[in-house]
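Working notes, beginning with the structure itself.
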Amino acid sequence: MEKVLRNFGGTGIFSGRPPLVWLSNQASNNGVQFGSESIDNPKNRPFNPDVDAFRNLNNATAANNTRYNLAVTVKDFKFPQIWRSNLAVDQVLPGGVTGTLEALYAKDLNAVYLRNANLNTSAYTALAGADNRPRYTAPRIYGAANPTPANPNISDAIVMDNTSKGHSLSLTGTLQKEFKSGFFAMMGYTYTDARSVNDGGSIAQSMWRDRYVVGDPNSETLSYSSYMVRNRFIASVAYRKEYLKHLGTTISLFYQLQDGLRYSYVYDNDLNNDEQRGNDLIYVPRNQDEIVLVPNSPTDTRTAAQMWSQLDRYITQDRYLSTRRGKYAERNGLVAPMIGTLDLRIAQDIFVKAGGKRNQLQFTLDVFNFGNMINREWGVAKAVNRTSLLSYKGLDATGKPTFSFPMVDEANGIPLTSTFYNQVDENSRWRIQIGLRYRLNQ
């Protein structure tokens with residue numbers, strides 16, 4: 001057995017404070033400072049120097065109800081807190097290679113979870129058909145026939161609470177060796193699985209609104225974290241040579257291959273009638289009998305059979321959707337293809353003696369995504385063409401939801417046929433950075 005360099009590990013409970021805007025929401029969104037009205041005729045609100053001229057005190061008339069948002073926190077709310085543990089070992093392997101294995105586990109103790117207390121979850125019916133999720137029959141729209149019992153003029157009452165359901169596991173293995181000739185080589189792989197109820201956001205209302213769901217928008221449903229990178233492989237090689245007593249050159253290459261971004265397939269429009277557009281995860285039909293397809297617009301001449309043929313081909317070519325037939329899409333379930341990037345760095349050092357100490361002047365040249373400089377097809381990230389895959393069009397006479405499969409170009413009859421496209425932003429282009437640094441008294 002080769003020499004074990006060290007074993008190390010630890011466990012502990014770590015706490016921190018949330019972004020304070022989450023707390024200040026309570027002061028600004030209290031139903032007193034801000035409100036909004038839906039005005040059909042702007043002429044009914046001419047300029048008046050009296051700031052209280054058009055104030056609707058105590059909701060005096062049904063036609064002019066002021067709508068407002070509330071943000072509150074449960075009495076026993078705790079700042080975010082996790083239990084985190086890690087265990088690792090470094091060991092010298094045959095050939096002078098140093099191997100490292102590390103495991104990192106984290107468990108939410110008090111993560112942030114938000115719910116809308118003004119959502120009338122007691123009034124709903126199940127949709128007819130294969131997609132039988134609940135649809136709310138008493139929307140929160142103020143002035144509606146069946147308004148929320150608590151207060152029909154409250155658009156949202158977002159409650160900040162705690163959840164302990166989230167967790168993550170990360171496993172990393174690396175191999176590295178330093179050669180006497182000046183070469184250094186390293187390679188490693190990290191596997192990660194991270195699940196969360198809520199991934200965070202800027203304010204309470206948007207954090208609740210932007211979480212993709214199948215049924216109850218207030219449910220504490222675990223799914224893949226938005227920031228999870230399941231597979232990541234890295235490799236690096238470097239060579240350094242010092243010469244002429246005053247010069248040193250380092251050339252290094254760094255390669256990274258990892259999963260792309262995560263996406264969620266949702267319906268356009270509001271399927272479950274919770275007044276939130278684009279937050280309902282789709283049901284992936286097995287066959288045409290499980291979905292009612294209708295034209296996307298008056299100029300859309302496709303038949304239901306033609307539309308299903310296009311949708312079926314799209315599902316088949318999508319590696320994720322093809323595994324979810326007969327199931328609901330998962331939040332952050334779609335993963336963009338892996339992207340590999342190669343970076344190059346050249347560092348030129350000039351050593352200078354000053355006051356008996358060696359000072360160093362360093363010039364650096366970094367070429368990020370160097371592979372893309374060599375071949376424009378390399379190092380190109382992929383992004384999803386459309387996450388709102390189907391448009392909800394309403395209920396038919398039997399209570400089944402109807403959908404349309406939008407086209408890329410409806411005027412020319414061009415349907416959506418592929419999941420991803422090549423990104424053209426800076427992440428998919430090579431870039432050069434030049435640097436200068438001076439180190440004193442080394």
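Values in this text are rule-based calculations from the coordinates and carry no lab data. Since we're looking at a predicted model, the values are computed, not measured. Cβ atoms come from the backbone with ideal geometry, glycine included; neighbour counts cover every protein chain shown.
Here are the numbers:
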| quantity | calculated |
| --- | --- |
| Total formal charge among the other residues, if their Cβ is under 15 angstrom from that of Gln317, Lys/Arg +1 and Asp/Glu -1 | +4 |
| Loop trypsin sites (Lys or Arg not before Pro), the range 65-108, which have at most 12 other Cβ atoms in a 10 Å radius of their Cβ (DSSP) | Lys75 |
| Residues Ala126 and Arg431, FRET efficiency given R0 of 60 Å [Cβ-Cβ distance, rounded to 0.05] | 0.70 |
| Ascending count of other beta-carbon atoms within 10 Å, so fewest first, for Asp193, Asp259 | Asp193, Asp259 |
| Partner lysines for Lys107 [C-alpha distance under 27 Å; skip if fewer than 8 residues away on the same chain] | Lys75, Lys78, Lys165 |
| Interchain or long-range residues, amide H under 5 Å from Leu127's placed H | Arg133, Arg135 |
| Gain on full stretching of the segment that runs from Ser164 to Trp83 - 0.36 nm per residue minus C-alpha separation | 28.1 nm |
| Calculated on alpha-carbon atoms, Rg and Dmax of the chain in Å | 28.8, 91 |
| Theoretical gain in end-to-end length, Tyr320 to Glu290 [0.36 nm per residue, Cα-Cα removed] | 8.9 nm |
| Counted charge near Glu220, where neighbours are those whose Cβ lies closer than 13 Å (Asp, Glu -1; Lys, Arg +1) | +2 |
| Fully extended contour minus Cα-Cα distance, from Gln360 to Asp52, at 0.36 nm per residue | 104.0 nm |
| Footprinting exposure proxy for Ser428, Ser264, Ser196, Ser206 (fewest neighbouring C-beta atoms within 10 Å first) | Ser206, Ser428, Ser264, Ser196 |
| The range 242-356, relative contact order [Cα under 8 Å, separation at least 6], % | 48 percent |
| About the Cα centre, charge dipole magnitude for the range 259-442 (Lys/Arg +1, Asp/Glu -1 at Cβ), debye | 1220 debye |
| Per-residue [θ]222 nm for the chain (sum of -39500 (n - 2.57) over DSSP H runs n ≥ 4, rounded to 500) | -2000 deg cm²/dmol |
| Selected from Tyr136, Ile315, Phe183, residue furthest toward positive end of dipole (the chain; charges at beta carbon) | Phe183 |
| Estimated dipole of the chain in Debye, rounded to 20 [Cβ of Lys and Arg +1, of Asp and Glu -1, Cα centre] | 1780 debye |
| Neighbour-count ranking [beta-carbon atoms within 10 angstrom, fewest first] of Arg437, Arg345 | Arg437, Arg345 |
| Choice from Gly96, Gly188, Gly394 showing the highest fluctuation, given a GNM over the chain with Cα pairs closer than 10 Å | Gly96 |
| Lysine pairs in the range 259-442 with Cα atoms under 30 Å, if 8 or more residues apart or on separate chains | 4 |
| Principal axis dimensions, largest first and in whole angstrom, of the range 259-442 by Cα | 91, 35, 29 |
| GNM top mover of Ser122, Ser223, Ser181 - the chain, alpha-carbon springs below 10 Å | Ser181 |
| Cα→Cβ-extended label distance, 7 Å offset, between Ser28 and Thr137, nm | 3.9 nm |
| Angle between the chain longest axis and helix 304-317 axis [Cα atoms, degrees, rounded to 10] | 20 degrees |
| Where chymotrypsin sites (Phe, Trp or Tyr not before Pro) fall in DSSP loop in the range 151-192, at most 10 other Cβ within 10 Å | Phe179 |
| Cα lying deepest toward the dipole's positive end in the chain, options Pro406, Leu390, Asn359, charges on Cβ | Asn359 |
| From phi via Karplus (6.51, -1.76, 1.60), per-residue ³J(HN,Hα) for the range 240-255 in Hz, x at Gly/Pro | 10, 9, 9, 7, 6, 6, 10, 10, x, 10, 10, 10, 9, 10, 10, 10 |
